[in-house]
Amino acid sequence: MRLHPTGQFDNHAAHYRHIEAKPLAAALGAEISGVDAARLTDAQFEEIRHALFRHKMIYFRGQKLTHADHERFSLRFGPFAEDAYTQGVPGHRDVHPLIKEASDASKMVFGEGWHTDSPFLPEPPSITILRSVQVPPFGGDTMWASSALAYAMLSETYRRLIQDLRVRFSLRDVLAAVHESVELSDSPIGRLAATRGAERLSADLLRKIDGSAHPMVRTHPVTGEKALYVDPSYGIGIEGMLPEESQPILRYLTDHLTQPAFTCRLRWEADMLTLWDNRLCVHQAYNDYQGHRRELYRTTVVGEKPA
Ligand code: SIN
């Protein structure tokens, strides 16, 4: 079933005193202005946090930040999370480079495929903060879809059916795709590609392939908002079900979640700072800027055991 805005969508901006918010799409997303992210006041931070939970993803333009500024901004939200893919840049182990060189002809890019960040971990990151330094002249956009809106738009009966289900999340299929499609390089997935053909995978990779099971319906720990916690990249099954039972449910829910009416799309500029709440939305990157360089940096904020 395909749904379109029906009057139940509510991405209006609240009235703030210390920042301005302008909605990006009917479903989710907002641009925040009136802020220097390197010099935030406590009052601005409180309103930014409110806007993040309300709009699921928010972004700022014109933020020329250093890695240290990026770290300080991120730490306002909480300690850094474990990053499943990289060890950071020299001197800043929690600032993770997402760089694709113009010469990299890989058929897959980091973040391709709808996903929530690292749900195969027992406590996946709550918030992700991504900063752009260099962007291609076209392409390289990011899209988000609201998992909260997708949940709200299911029928009451379907919501009851899935209420107690648990999804198994694993790195398995993404790792297989990386092995098939990614060239070796000094990038998060370029290094992962180097495990192709390995006789034995590291204990760390095996832990991420084994993954974690989490509730299919999550309740946001701050706002109490409920959201679907499924994605087509890492969600490989439903606890206690045979694959032929779980696959149609997962396929229906991920199709429902990622339908165009529930999305927003960001056209990046250099010096943007974008953040999203992984408990309330899924996102995906595009591999459509071959021959151009894209340089972004990412931090993630520690999350809780999904409930
Ligand atoms: C990600 O999945 O965090 C990457 C998003 C992007 O590079 O656009």
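The listed residues H15, H292 rank as H15, H292 when sorted by accessible area, largest first, using a 1.4 Å probe.
Given a 1.4 Å probe and the protein chains as shown, E112 ends up with an accessible area of around 70 Å².
Over the chain, accessible surface divided per residue gives 44 Å², non-protein components excluded, 1.4 Å probe. Here L201 and A270 are evaluated by their C-beta separation; at R0 = 41 Å the FRET efficiency comes out at 0.65. Modelled label positions at L75 and E239, each set 7 Å beyond Cα in the direction of Cβ, lie 3.6 nm from each other. For segment 156-238, the list of trypsin sites (Lys or Arg not before Pro) that fall in a loop by DSSP and count at most 10 other C-beta atoms within 10 angstrom reads R200. Of the solvent-accessible surface of the chain, computed with a 1.4 Å probe over protein heavy atoms with every protein chain present, carbon and sulfur atoms account for 52 percent. Between A68 and Q259, the simple label model (points 7 Å from Cα in the Cβ direction) yields a spacing of 5.0 nm. Computed from the C-beta positions of R39 and E82, the FRET efficiency with R₀ = 22 Å rounds to 0.15.
At full extension, H15 and A176 could sit 53.3 nm farther apart than now, given 0.36 nm per residue minus the alpha carbon distance.
The values are calculated or read from the model by the stated rules, or taken from the named source; none is laboratory data. Fair warning: this is a prediction, and the values are worked out from it, not measured in the lab. So basically every Cβ, Gly included, is an ideal-geometry build from the backbone, and we count neighbours across all protein chains shown. These accessible areas exclude ligands, DNA and RNA; they are computed on the full protein's heavy atoms, side chains included. Shrake-Rupley method; radii C 1.70, N 1.55, O 1.52, S 1.80 Å.
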